[in-house]
Amino acid sequence: MRRAPWRAVGAGHAFVAGYVILLVAFGVIPVVYAIYFAFTNAGNTFAGLSNFTQSAQDFRYVPAFEHIGAYLLIWLAALVVLVTSLAIVLHQMSVRRLSTLVRFLYYVPGALAGAASVLVWLFMLDPTVSPAASLLHLLGYGTFGDVIQPGHLAILFAMIAFWTGAGGWIVVMYGALNNIPHDIMEAARIDGAGAWRIARYIQIPMLRKWIAYMVILAFATGAQLFVEPELISEASLGVAGRDYSPNQVAYDFAFQNNNVNYAAAISVELLVISLVVAAVFVTRSRFFDAS
Amino acid sequence: MALAIRAARARSRLRQSCTRAAIAIAAAALVAVSAAACGSSGSSAGSGGSSGSAGKDGFTQAAQTSGPLTVWVDSTRQPAVQAYEKAHPGVKLNAVLYDGDANGSNTLQTKVDLYDRTGSGWPDVVFSAENNEVSWAQPAGFTAPLNKGLIPSSVLSSFASGALNPCTVNGTVYCLRNDLAPVVLWYNAPLMKQFGYQVPTTWAQYEQIGEEVATQHPGYIVGSAGDTFTPEIYLWASQCQANDITGIRAVTVNVTSPNCQRMAALLDTLVKDGSMTKLSVFSTAFDKDDKGKVLMLPGAAWIGGAVFDSSSGLNTPKGQIAVAPIPQWPGSATPATGNVGGGTWLLSAHSAHLTEAVDFITWVTTNNGYQADLAPGFPASAPAAAAWLANQAKSGYYVNDITPVLQQAAGQVWQGWGYGKFSQEAIWAATVTPGITAGKSIASMLPDWQTAITNYATAAGYQVSH
């Protein structure tokens, strides 16, 4: 095999360097730093697993992981089912202009920055100011307090996350569908497969890696849930969303209880959970297999 | 709120760039970043106040420089900054608007914690809507001692008796009180007369009126149980032992006692009847639904200015609102009432502009230019309070003279409810308010409330006894 000329390699390194430097500065070093804190105490001496065992005994710990579990279940299920089916429907849309317009509309909410999109939802969910007030009243919710009852939060956060995040993924999936070779689709059609069979036996299996990729990233983002409950908490004057997610509990440990070590322990746990889930999906979907 | 949102947005941006950049490893970076950011050396923290002996004025002072004075206030205190600027055209102020730490949001402590670690960035003077800041800010060395030379004792002694108690640790004063906020009974005098009710002096009479209003004048209300400070209005006034701070880090909590149950039962009855609203007095729904429908409203001294005589609140016309002492339970040796906040001003021990900072903090708490003429609440400084009350009487807004009622109430705040590091407002909001909204009785939630207070107090490092 012939080596690539130096110039091409150099350019490649230059392109990657910017990312690598940022990854080291804001990804790797902080992770190492957090691991250091997770295994030491306030006096900087080795503390074994005590930060993990003691933070787990805090009264906020177990509920926070239960909350995030319920939220992830709802959100990931909605994401996989709806994003995939919407992308397929979009792909089979025969009117080209309509398809472009719909793709653009899907993408718009994703263009709003995280906190701004939550602010939009604060208005949506308050029956006194919401444009969807009649719907909220129909469901029996007369006040903001009724809407943000503790039992509703997982669904509400999943709705917000879906609204802000799904559009981008639909566009990505649409791109992936375009990559499916035309002759395979053609062959299927000649064999008499309708839209449903094409989706079931050709498109979805060929999207598998993309779906795995989406689930890995969405899981990592979802496990770090912070902005949504924090803003709902601010807006409801602390009625809902305070200590809701593990990330908030870590934040409270660091800034309210002055305990950076417990905070770091929870952060490391989130990292490990995300890594394990990523590993499972990567191996199961044969993500790195060259096709 | 603005600061919190800005911080949240920054975090969210970081989160997005991390996740979009790569695989799951990078995604966990945000958590690590936020944890790591708190980790860098905190050696500069704790250099001031706590020892109380070192240096001039009782603390180690930073090198003094010239430059603008950084002042953090909430939106309600913005006129104080503007008034100061107007009275001192030569002074440069850098005013930063934040949530005022209201409802136990903890913004100030979070920010100070970060500044402690970076070793810079502290504001020179901060207003807080809470009066328990000293419980963390003094051990953290953020607040400067004020009675060790910075502020003359003649100024300090001009505050109402007991006003500086929440600011005082072992005889050293660490903040100045903005206003006093004893709980009183606000009522609509013409409406009470029209309905034929006497102003209640006991809680039994109050409850009876509430029940009658529910049947005879539905839609009218005699109070609100929807605020984060609901326990500080009703349960504090009922001498419920929810927040009995007995030592630096010790608290006694017993909220299933008869003193708590009697008030919980009263609230439950009236909430069920509908004559006590579940809405917060600061919600848009309250302004919409209850405008002109408020017959009585137990609340702090600042309710008059912040809710009734406020264009952003009920905007009640002049000549309707009057004030009476809070009702009492039979058998109580001395009259007791609650207290909701009464803000505090803190002066940073890290300030490099101490002279200007002292002048500012003294002016906003004692000068008539703000406290008597503009402040919405009852000033903690006695001379300013006298001028403020005279102004209120002159304006003719209130039906009766509010002076004796407020002054008397200020001395009747029950001392069995202290100022701890954990926020009773935040605990109530997260534990009891959702239950009230869902139709559960407060009486049935008292054990949950007890558990929640115990949990949060323990997490804040308190020894809890029951």
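General remarks:
- Residue in region B:290-306 that is in a helix (DSSP H, G or I), within 24 Å of B:Gln371 (Cα to Cα) and not small (Gly, Ala, Ser) present: yes
- Residue count for region B:219-266, restricted to those that are within 14 Å of chain A (Cβ to nearest Cβ) and assigned to a loop (DSSP other than H, G, I, E, B): 6
- A:Gln92 being in contact with a helix residue (DSSP H, G or I) (Cβ under 8 Å, 6 or more places away or on another chain), in contact (Cβ under 8 Å) with a residue 40 or more places away in the chain and under 23 Å from A:Ala199 (Cα atoms): yes
- Taken as a whole, the condition of being basic (Lys, Arg) and surrounded by 11 or more Cβ atoms within 10 Å (Cβ to Cβ) applies to A:Arg60.
- Top-ranked residue of region A:107-148 - restricted to ones that are facing chain B (nearest Cβ under 10 Å), within 30 Å of A:Val172 (Cα to Cα) and of a type outside the set (Gly, Ala, Ser), ranked as surrounded by the most Cβ atoms within 10 Å (Cβ to Cβ): A:Val118
- Checking A:Ile211, A:Ile232 one by one, the residue that is within 14 Å of the chain's Cα centre (by Cα), β-branched (Val, Ile, Thr) and either more than 8 Å from chain B (Cβ to nearest Cβ) or surrounded by 21 or more Cβ atoms within 10 Å (Cβ to Cβ) (or both) is A:Ile211 and no other.
- Restricting attention to region A:264-291, the residues being facing another protein chain (nearest Cβ under 8 Å), surrounded by fewer than 19 Cβ atoms within 10 Å (Cβ to Cβ) and under 14 Å from A:Ala212 (Cβ atoms) number 1.
- B:Gly396 satisfies every condition listed in (1) over 25 Å from B:Pro123 (Cβ atoms); (2) at pLDDT 95 or above except (2).
- Test: A:Leu217 is free of Cβ contacts under 8 Å to residues at least 24 places away in the same chain and of a type outside the set (Val, Ile, Thr): yes
- Single residue of region B:418-449 satisfying the filter (of a type in the set (Gly, Ala, Ser) and within 25 Å of B:Asn106 (Cα to Cα)) that is surrounded by the most Cβ atoms within 10 Å (Cβ to Cβ): B:Ala429
- Meets criteria (of a type outside the set (A, V, I, L, M, F, W, C), in contact with a strand residue (DSSP E or B) (Cβ under 7 Å, 6 or more places away or on another chain), away from every other protein chain (no Cβ under 14 Å) and surrounded by fewer than 22 Cβ atoms within 10 Å (Cβ to Cβ)) for B:Gln328: yes
- Residue ranges of strands (runs of 3 or more DSSP E) in region B:64-155 with at least 3 members within 16 Å of the chain's Cα centre (by Cα): B:125-128
- Within region B:401-417, residues that are surrounded by 23 or more Cβ atoms within 10 Å (Cβ to Cβ) reach partners that are hydroxyl-bearing (Ser, Thr, Tyr) and at pLDDT below 90 with beta carbons closer than 9 Å, at six or more positions or on different chains, in the pairs B:Ala410/B:Ser161.
The values are calculated or read from the model by the stated rules, or taken from the named source; none is laboratory data. Bear in mind that the values here come from a model prediction, so they are computed numbers and not experimental data. FYI the Cβ positions are ideal-geometry reconstructions off the backbone, even for glycines, and counts take in every protein chain you see.
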